[in-house]
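The values are calculated or read from the model by the stated rules, or taken from the named source; none is laboratory data. Given the structure is predicted, the values throughout are model-derived calculations rather than measurements. Because the Cβ atoms are built from the backbone with ideal geometry, glycine has one as well, and the counts that use them run over all protein chains shown. Protein only, heavy atoms only, side chains kept; ligands, DNA and RNA dropped before computing areas. Shrake-Rupley method; radii C 1.70, N 1.55, O 1.52, S 1.80 Å.
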Amino acid sequence: MEEVASLAGGCFWCLEAVFQELEGVIEVESGYMGGSVPHPSYRQVCSGSTGHAEVVRVTFDPQVLSFGDLLDVFFNIHDPTSLNRQGSDVGTQYRSAIFYHSEAQRAAAEAKMKEVQSSGEFHDPLVTELVPAGEFYKAEDYHQNYFLDNPNQPYCAYVVAPKVAKFRKKFPERRKV
């Protein structure tokens, strides 16, 4: 039985590229969630006026990959202590958030957040929001598989590729074969 996770941690291209390589992940879609505007465009979300975050909707096999394991990767590929920004991407659309789809996901996320905060890896407190999942709005087609389709695009080469490399180094056993 498949499970869905919805996560925000900066630009969705970064998260999508990493989760596509993660063993147990079936599908990754880039989109928008958490705002008040139905069916927003990328331009609208980038304006900061919709309340939406850039998110990835990750469909995964919980027999292969637990939600907690998925969150381990999530917390290692973005800065969950940086409010409304990741690197040079600034705005509420780049916030760190876990949009839970069940009480089990909420409980697992709370436990993982406490574990991460007490690990000492981050000196500042986590700012990751933990909120119920709302409507997911799939991003425009050109945002899907962006890194796979555009690996030499400057943002991909200088921002996305290092996150993928970090994942590969930290979690070599979790990569798809």
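Exactly one condition in (1) free of Cβ contacts under 8 Å to residues at least 60 places away in the same chain; (2) open to solvent by 10 Å² or more (accessible area, probe 1.4 Å) is not met by T50; state its number.
If we test T50 against (1) free of Cβ contacts under 8 Å to residues at least 60 places away in the same chain; (2) open to solvent by 10 Å² or more (accessible area, probe 1.4 Å), just (2) comes out false.
Filter segment 85-105 down to the residues that are over 20 Å from V160 (Cβ atoms) and either open to solvent by less than 40 Å² (accessible area, probe 1.4 Å) or among the aromatic types (F, W, Y) (or both) and list them by number.
Kept after step one, since they are over 20 Å from V160 (Cβ atoms), are these residues of segment 85-105: 92, 98-105.
Those that are over 20 Å from V160 (Cβ atoms) and either open to solvent by less than 40 Å² (accessible area, probe 1.4 Å) or among the aromatic types (F, W, Y) (or both): I98, F99, Y100, Q105.
Looking at V64, is it open to solvent by less than 60 Å² (accessible area, probe 1.4 Å) and β-branched (V, I, T)?
So V64 does not fit the description; no.
Could you list, in sequence order, all residues of segment 166-177 that are part of a helix (DSSP H, G or I) and exposed (fewer than 11 other Cβ atoms within 10 Å of the Cβ)?
K169, P172, E173
Counting only residues that are open to solvent by 40 Å² or more (accessible area, probe 1.4 Å) and either of a type in the set (F, W, Y) or in contact with a His (Cβ under 6 Å, 6 or more places away or on another chain) (or both), how many does segment 21-47 have?
So the count comes out to 2.
Residues are listed down the side, and each one gets a yes or a no for (1) over 22 Å from N152 (Cα atoms); (2) free of Cβ contacts under 8 Å to residues at least 12 places away in the same chain; (3) among the β-branched types (V, I, T):
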| site | (1), (2), (3) |
| --- | --- |
| L7 | yes, no, no |
| C11 | no, no, no |
| S36 | yes, no, no |
| V56 | no, no, yes |
| D72 | yes, no, no |
